[in-house]
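Notes follow once the structure below has been shown.
Throughout, read-outs are computed from the coordinates displayed, never taken from laboratory work. Bear in mind that the values here come from a model prediction, so they are computed numbers and not experimental data. Cβ sites come from the backbone with ideal geometry, for glycine too, and all protein chains shown count toward neighbours.
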Amino acid sequence: MNFGEAIKTCMSKYVTFSGRAKRSEFWWFYLFTTLVTWGVAIVAGAMFPYDPAMWMTLINLTSLVFFLPILAAGTRRLHDTGKSGWWWLISITGIGVILLIVWWATDTKSEGDKYDLVNK
């Protein structure tokens with residue numbers, strides 16, 4: 001899956017938490033959300049150089065727009081590695097983010113579609 005296909009797929013599955021996401025789909029979309037957020041930060045910083053509250057508001061709004069899609073894509077990626085989407089909660093500990101990154105980078109496990117609730 002390439003960059004454009006990953007963006008199209010993840011945005012069309014905005015809040016779809018069932019199914020699977022390929023490794024490339026997740027990481028390309030994650031890169032896209034990071035680049036867009038950085039772009040908003042640069043533009044907002046240039047437009048409002050003396051008003052950090054304003055550009056932080058714009059950055060937070062951008063992050064809020066991508067919150068559900070990245071959560072859904074991460075959940076589908078965990079399903080693809082044979083894990084439940086509830087493992088997202090481990091990120092609350094802080095150190096659990098490292099474990100999530102390892103799982104997201106892990107190759108696909110072919111365990112059938114036990115997480116595909118839509119087609120059952």
* Please determine, in degrees from 0 to 90 and to the nearest 10, the orientation of helix 3-12 with respect to the longest principal axis defined by the Cα atoms of the chain, where the helix direction is its Cα long axis. => 80 degrees
* Asked: If the chain between D107 and V15 were fully stretched, how many nm would it gain, using 0.36 nm times the residue separation less the Cα-Cα distance?
  -> 30.8 nm
* To do: Please arrange V40, V15 by counting, for each residue, the other beta carbons lying within 10 Å of its beta carbon, fewest first.
  => V15, V40
* Of S18, S84, how do they rank once you tally other Cβ atoms within 10 Å and put the fewest first? -> S84, S18
* To do: Take a quick pass over the chain and tell me how many lysine pairs come in under 19 angstrom between Cα atoms, counting only ones 8 or more apart or on separate chains.
  => 10
* To do: Report the extension gain between M54 and S91 in nm, rounded to one decimal, defined as 0.36 nm multiplied by the number of residues separating them, less their alpha carbon distance.
  => 10.5 nm
* Structure fact -> If unit charges are put on Cβ atoms (+1 for Lys and Arg, -1 for Asp and Glu) and the dipole of the range 3-105 is taken about its Cα centre, the option from W55, S12, I95 lying farthest towards the positive end turns out to be S12
* To do: Considering only K13, K109, K83, give the residue with the highest GNM mean-square fluctuation for the chain, with springs between Cα atoms whenever their separation is below 10 Å.
  => K109
* Kirkwood Rh in Å, taken over all unlike Cα pairs in the chain -> 15.4 Å
* Structure fact -> Expected sort for Y50, Y30, Y14 with the fewest Cβ neighbours (10 Å cutoff) up front is Y50, Y14, Y30
